[in-house]
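> Have a look at the structure that comes next, please.
The values are calculated or read from the model by the stated rules, or taken from the named source; none is laboratory data. Since this is a predicted model, take the numbers as computed values, not measurements. Quick reminder, even Gly has a Cβ in these numbers, built from the backbone with ideal geometry, and neighbours come from all protein chains shown. Note: accessible area is taken over every heavy atom of the protein model, side chains too, but ligands, DNA and RNA are not part of it. Shrake-Rupley method; radii C 1.70, N 1.55, O 1.52, S 1.80 Å.
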Amino acid sequence: MTSEHINVDDLLLAHAAGRLPEPVGLVVATHLALAPQRLATYREYEAFGGAMLEELSPVELSAGAFDRLMARLDDDAEPITTRDAGRGRAAHDPDVPAPLRPYVRGRLADLPWKHYGSVSEAKLPLDESVYRTRLILLKAGKAVPKHTHDGQEITVVLKGAFNDGIGHYGRGEIAIADAHVDHQPVAEAGEDCLCLTVTDAPLRLTGTFSRFLNPFLRF
Ligand code: ZN
């Protein structure tokens, strides 16, 4: 991974500084809820992260994908960790970590799932002017069509695990893909894989049938 690509620490730092838009902040908050071993790092970033960001010159910030994300940041974006605190006290699905509960009321099964073969997706109620925020359920042992991205795809695993040929991602782990990544996520055998995914541009299929399928791909 080069400095042109954002990584999980970039996201933690930006979240600690309150600089992430709501959908991406939701991914990071979910990551921290499911991977509490990362909290110590996050607390360190909280302690000095904001100051570091402010000291970086615009030129330094303009190099690479991290800047493309930062450039989209809305100054008045509110940190997800404080949004809707106290809401969503109804019975929750055990597979829904606390940061997601304001967006997933009740049971996961009650969401408006759309099914595409082995892949199902449910849109979450967040602003879609820049980002699309979805839960993706991939059946055990099955694959998402091979694709790349015109923008960023940031995913956190809620349940199960997947391998995309580049990395293996288990519960709580974040996968970041962009235009440099051509991959095919495959759910591990034995358990369906549930993920929260945020994208800022459509996926672009790169497999055999890609030129036929791309016009129809909506997310
Ligand atoms: Zn992807």
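> If you scan segment 133-159, which residues turn out to be more than 22 Å from residue 25 (Cα to Cα), more than 10 Å from the ligand (Cβ to nearest atom) and not in a strand (DSSP E or B)?
Within segment 133-159, 139, 140, 141, 142 qualify.
> Output the residues belonging to segment 182-199 that are within 13 Å of the ligand (Cβ to nearest atom), assigned to a loop (DSSP other than H, G, I, E, B) and either open to solvent by 20 Å² or more (accessible area, probe 1.4 Å) or without any contact (Cβ under 8 Å) to a residue 12 or more places away in the chain (or both).
182, 184
> Return the total of residues in segment 160-176 being more than 9 Å from the ligand (Cβ to nearest atom) and either open to solvent by less than 20 Å² (accessible area, probe 1.4 Å) or in contact (Cβ under 8 Å) with a residue 40 or more places away in the chain (or both).
Of the residues in segment 160-176, 10 are more than 9 Å from the ligand (Cβ to nearest atom) and either open to solvent by less than 20 Å² (accessible area, probe 1.4 Å) or in contact (Cβ under 8 Å) with a residue 40 or more places away in the chain (or both).
> At pLDDT below 95, open to solvent by 80 Å² or more (accessible area, probe 1.4 Å) and over 25 Å from residue 97 (Cα atoms): which single residue out of 215, 202, 125 fits that description?
Result: 215 is the single residue among 215, 202, 125 that is at pLDDT below 95, open to solvent by 80 Å² or more (accessible area, probe 1.4 Å) and over 25 Å from residue 97 (Cα atoms).
> Still on this structure, I have one more. The conditions are (1) without any contact (Cβ under 8 Å) to a residue 24 or more places away in the chain; (2) open to solvent by 40 Å² or more (accessible area, probe 1.4 Å); (3) within 11 Å of the ligand (Cβ to nearest atom); (4) among the small types (Gly, Ala, Ser), and residue 179 fails exactly one of them. Which is it?
(1)
> Scan segment 27-38 and report the pairs whose first residue is over 17 Å from residue 199 (Cβ atoms) and whose second residue is open to solvent by 10 Å² or more (accessible area, probe 1.4 Å) and polar (S, T, N, Q), with Cβ atoms within less than 6 Å and a gap of 6+ or a chain change.
Listed pairs, sorted by first residue: 29/81.
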